[in-house]
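Visitor: Quick one: the structure is below, and I'll ask about it shortly.
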Amino acid sequence: MGNDNMSLKEKSIVFIGFMGVGKTTIGSLVAKKLYRDFIDIDQEIEKEYGMPATEIFKTFGEKVFREKEKNIIDFYSKQKLKIISVGGGAFLQEEIQKICLSNCIVFFLDLSWESWKERINLIIDSRPVLQGKSLDEIKELFYTRQQYYTNHHSKVETDNLDIESVANNIVDALKTAWELYD
Ligand SMILES: Nc1ncnc2c1ncn2[C@@H]1O[C@H](COP(=O)(O)OP(=O)(O)O)[C@@H](O)[C@H]1O
Ligand SMILES: O=C(O)C1=C[C@@H](OP(=O)(O)O)[C@@H](O)[C@H](O)C1
Ligand SMILES: [Mg+2]
């Protein structure tokens, strides 16, 4: 499996990490800086169902969302030169991990719990997985999820960095890798 005939520079880039770490925002900015297409998997799913993720979860259930998520990731990760942000739950599926790690360069956006919890009000209304949970339950989920994100190619620290700085760090890291290895 994997795109062995694709050069490092052509490989698509995938952003993973917990809900709210900035995958969508930073992915979109990195795409702009590299003149590449940006694909947000959640937005693709929402487009297909014509409703937000919270409604998809309520109407069809999480299982349907997860299956669609896998199929859309499978489709885009095999293409060249895309910047792809997946949802925070995607890497819970081993198949998705394999598809992304073998076809793309996977960046894990890392944010500490202390910084993350300051951001909760920005995201709670649009994340069905967080709704109805206490802060302690969310904290447990945050730490449980981290093990899935250890499967990546590169880790990006985002604490105390604004969106622009994180995106610039990623672009710099990519340019260095492309020069070194291609
Ligand atoms: N480095 C950052 N500093 C401050 N706010 C951020 C940063 N990255 C993302 N945000 C904000 O956090 C919220 C969640 O970001 P989003 O890109 O939707 O995360 P994700 O796609 O990982 O769930 C947004 O309101 C976004 O503007
Ligand atoms: O972590 C999760 O289980 C989810 C994360 C969300 O994406 P973001 O990580 O972009 O918030 C979205 O896919 C859905 O609400 C489920
Ligand atoms: Mg997102």
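Every read-out reported here was derived from the displayed coordinates using simple, explicitly stated rules and does not represent laboratory data. Only a predicted model underlies this, so the values are computations on that prediction, with no experimental measurement involved. Cβ sites come from the backbone with ideal geometry, for glycine too, and all protein chains shown count toward neighbours.
Visitor: Of the GluC sites (Glu not before Pro) in segment 1-89, which ones lie in a loop per DSSP and count no more than 16 other C-beta atoms within 10 Å?
Guide: Here the GluC sites (Glu not before Pro) that fit, given the DSSP loop and packing criteria, are 10.
Visitor: Same structure again: Which chymotrypsin sites (Phe, Trp or Tyr not before Pro) from segment 6-58 combine a DSSP loop assignment with at most 12 other Cβ atoms within 10 Å?
Guide: Sparse-neighbourhood loop chymotrypsin sites (Phe, Trp or Tyr not before Pro): 35.
Visitor: Right, next: Considering the dipole of segment 13-160 built from charges on the beta carbon (Lys and Arg +1, Asp and Glu -1) around the Cα centre, which of 115, 73, 35 is farthest to its positive end?
Guide: Working it through, the farthest residue towards the positive pole turns out to be 35.
Visitor: Along the principal axes of its C-alpha atoms, what lengths does the chain span, in descending order and rounded to whole Å?
Guide: Each principal axis gives a Cα extent; for the chain these are 48, 35, 27 Å.
Visitor: May I pose another question? Counting residues in segment 133-182 as N, plug N into 2.2 N^0.38 Å and put the Cα Rg over that result.
Guide: 1.56
Visitor: With an 8 Å cut-off on Cα pairs and a minimum separation of 6 or more residues, tell me the relative contact order of the chain in percent. Intermediate values should be presented prior to the final figure.
Guide: Working: 256 pairs, mean separation 62.8, N = 182.
About 35 percent, as a whole number.
Visitor: Please work out the Cα center distance from segment 89-153 to segment 1-68, rounded to the nearest Å.
Guide: A separation of 13 Å, based on Cα centres.
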